[in-house]
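Below is one structure, written out as structure tokens; the observations come after it.
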Amino acid sequence: MIRDIAIISGLTLAAALFVAGAAEAASPQEMLKRYEAEAKAAGDFPEGGFSAERGKAFYLAKHKGGKPATPSCTTCHTDSPLKAGKTRTGKVIQPMALSKTPDRYSDPEKVEKWFRRNCRSVLGRECTPREKGDFLTYMISQ
Amino acid sequence: MLTDRTANTHEGNGGHGGDREVLVRDLPVRIFHWFLVVAVAVALLTGFFGEENLLTVHVWAGQAVAVLIIFRVMWWFAGGRYSRLSAYPLAPGRVIAHLRNVAAGRSPLVAGHNPAGAWMIVILITLLFGLTLSGVVALGGEEDLGPLRAWVSYRLGDAAGELHELLAWLLLAAIAGHLAGVFMETKVFGHPLLKAMTAGTMPVPPQEAEKGALALRGLIVFLAALALFVTVWNTLSAAPDTRWRQVTYIKAYSDNCGDCHHAHHPSLRTADMWERIVRGLEDHYGEDATVGKKTEEEILAFLKANGAEFFDTEAAVRLGRARTRDLRISSARWWKKRHRDIPERVFASAAVGSPANCNACHRDAETGRFDDANIHIPEKARAAGDES
């Protein structure tokens with residue numbers, strides 16, 4: 001009796017978690033599709049599609065217009081997406097590469113939040129869908 | 001009565017060749033003495049030299065001292081003939097006469113205590129009483145721990161801590177005086193005081209002997225002292241604590257703020273400072289840390305409802321309510337004072353990261369309590385500090 005209740009509650013909980021998770025989750029590929037749509041709507045979708053090359057250059061570049069403490073993505077994320085980074089307060093940031101941190105880029109809200117924050121910090125403006133698409137393509141390729 | 005017990009002095013500085021050793025110190029008082037030596041030594045060492053997290057041991061030692069002192073005061077009225085307060089030659093006339101004797105190079109051997117020794121005991125017991133009392137007030141106020149935590153404010157506890165330290169210095173002076181007195185008596189006047197406090201005997205006439213070892217009576221009185229202490233401690237400790245409460249963190253705060261740094265306890269800033277911090281997330285110490293309007297309101301409401309105004313802890317009073325121009329907690333003077341002995345490199349080490357990560361060393365940072373006993377600098381960070 002007690003065992004049955006335990007099994008049923010366990011299954012219910014698992015199902016609830018699955019549903020809750022499924023509601024939020026999107027795959028990195030779906031995120032890419034989203035940026036593709038946004039770029040197309042803005043008339044800024046590149047001819048050959050998003051490019052990991054351009055994403056890499058963007059990642060490594062020293063940008064202007066942002067806050068002085070954070071001139072580049074590499075300030076916190078190191079010069080390789082395969083390596084763990086560090087916030088300016090010293091907290092470890094898991095590697096940006098999807099291969100190293102597989103649960104990345106699957107929560108649209110979170111992805112958007114960090115693009116907004118970090119683009120403003122580094123570039124002093126929000127990133128364009130095309131920049132986001134290139135960046136994400138680079139991270140998925142790594 | 002008093003004279004009967006204490007008038008058993010002898011001419012000269014000893015010369016009791018004819019007297020056999022007789023018992024002059026009951027067993028409980030001797031055991032008390034040596035246990036007190038150990039407890040006080042531990043308390044002094046941990047108090048003066050121990051790192052903050054040895055506070056736990058210091059408090060154990062203090063509790064032991066307290067029980068022993070309660071026992072000793074009871075024993076003043078229930079102990080053997082020389083252990084009783086009524087047997088102490090404390091009258092000013094007796095003291096003056098004794099000092100005159102000593103100045104003239106004489107100190108008669110007494111089976112009980114001479115006036116200087118008797119006063120020494122009273123002073124030591126009084127100081128130790130003051131130390132345990134000020135200690136428990138400081139523990140309650142500063143650490144929000146122990147039986148008085150519900151009644152003592154942080155500020156009162158802080159003042160008691162200062163008094164505690166002063167009394168500790170006075171105790172050191174008194175101990176030095178006690179040892180000097182014993183040294184004089186044993187080495188200069190040849191009175192075997194050490195033997196009296198160990199074997200319990202002295203070479204005095206048989207009629208001056210203690211009535212007996214009084215072991216059973218001592219045990220009963222000790223158990224009474226222990227029971228009294230434990231009862232009072234536990235009864236008072238059970239009172240509800242209104243100065244600190246557990247905060248339930250909301251996800252919006254833990255996730256958004258905790259992504260970049262340790263999510264600080266809300267009691268580390270006041271409502272108006274939180275307002276300025278959260279409203280200024282667009283430039284949060286050189287980074288954009290915006291969270292979106294709805295989340296921002298949610299986070300701010302949580303922080304303001306649990307701000308420094310609602311806590312009477314050391315962290316809330318000294319850091320939370322400290323106004324710093326850049327709003328940083330680590331800019332508060334108290335923060336700097338308390339961390340001044342920690343090298344830069346310890347903060348910069350991988351195990352800590354920066355002063356923003358309180359929880360790297362304060363294991364209870366999340367509770368806002370910041371108990372001394374919970375400070376543990378990571379070994380790797382400590383090593384990094386040693387290299388500098």
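For the range B:77-146, take N as its residue count and report Rg(C-alpha) divided by 2.2 N^0.38 Å.
On the way: Rg = 17.3 Å, N = 70, 2.2 N^0.38 = 11.1 Å.
Computed over Cα atoms of the range B:77-146, the ratio equals 1.56.
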Note, ³J(HN,Hα) from phi for the range B:340-353, Karplus 6.51, -1.76, 1.60, rounded to Hz, x at Gly and Pro: 5, 7, 9, x, 2, 5, 5, 5, 6, 4, 4, 6, 10, x
The range B:21-90: GluC sites (Glu not before Pro) in DSSP coil with no more than 16 other Cβ atoms inside 10 Å: B:Glu51
Chain B: relative contact order in percent, alpha carbon pairs under 8 Å with at least 6 residues between: 19 percent
DSSP H segments from chain B that extend 30 Å or more along their own axis, Cα-based, with Kyte-Doolittle mean of 0.5 or above: B:27-48, B:55-78, B:115-143, B:154-183, B:215-237
Partnerless Cys - the protein assembly as shown, beta-carbon criterion under 4.7 Å: A:Cys73, A:Cys76, B:Cys257, B:Cys260, B:Cys358, B:Cys361
D_trans [Stokes-Einstein, Kirkwood Rh over alpha-carbon pairs] for the range B:2-237, 37 °C, 0.692 mPa s, µm² s⁻¹: 172 µm²/s
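So what is the 222 nm mean residue ellipticity for chain B from helices alone, if each DSSP H run of at least 4 adds -39500 (n - 2.57) and you divide by all residues, rounding to the nearest 500 deg cm²/dmol?
Details: 14 runs with 201 residues, N = 388.
One gets -17000 deg cm²/dmol as the mean residue ellipticity at 222 nm.
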Using a Förster distance of 56 Å, the FRET efficiency for B:Ile96-B:Leu156 (Cβ separation, nearest 0.05): 0.90
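For a distance above 19 Å, tell me the whole-number percent of Cα pairs in the range B:251-387 that qualify. Don't skip to the end; give the middle numbers.
Details: 4737 of 9316 pairs.
Roughly 51 percent, rounded to a whole number.
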Backbone N under 14 Å from the B:Asn53 label point (7 Å along Cα→Cβ), restricted to the range B:346-367: B:352, B:359-365
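Taking neighbour counts of Cβ atoms within 10 Å as a proxy for exposure, in what order, fewest first, do B:His98, B:His265, B:His376 appear?
Details: B:His98 22, B:His265 29, B:His376 14.
Going from sparsest to densest Cβ surroundings: B:His376, B:His98, B:His265.
More than 15 Å apart: what percent of Cα pairs in the range B:29-110 qualify? Present the calculation step by step, with values, prior to reporting the outcome.
Working: 2268 of 3321 pairs.
Percent of Cα pairs beyond 15 Å in the range B:29-110: 68.
With N set to the residue count of the range A:26-141, report its C-alpha Rg divided by 2.2 N^0.38 Å to two decimal places.
Numbers: Rg = 13.4 Å, N = 116, 2.2 N^0.38 = 13.4 Å.
Relative to the 2.2 N^0.38 Å estimate, the range A:26-141 comes out at 1.00.
Please say if the protein assembly as shown is rounded, prolate or oblate, where rounded means a/c under 1.5 for a ≥ b ≥ c the square roots of the C-alpha gyration tensor eigenvalues, and otherwise the choice is prolate for a/b larger than b/c and oblate otherwise? Before the final figure, lay out the partial values.
Values: a/c = 3.65, a/b = 3.01, b/c = 1.21.
Because a/c hits 1.5 or more and a/b exceeds b/c, the protein assembly as shown counts as prolate.
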The range B:173-224-the range A:27-44 distance, computed between alpha-carbon centres (Å): 91 Å
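Values in this text are rule-based calculations from the coordinates and carry no lab data. As the structure is a prediction and not an experimental result, all values here were calculated from the model. Note that each Cβ is placed from the backbone with ideal geometry, even for glycine, and that neighbours are counted across all protein chains shown.
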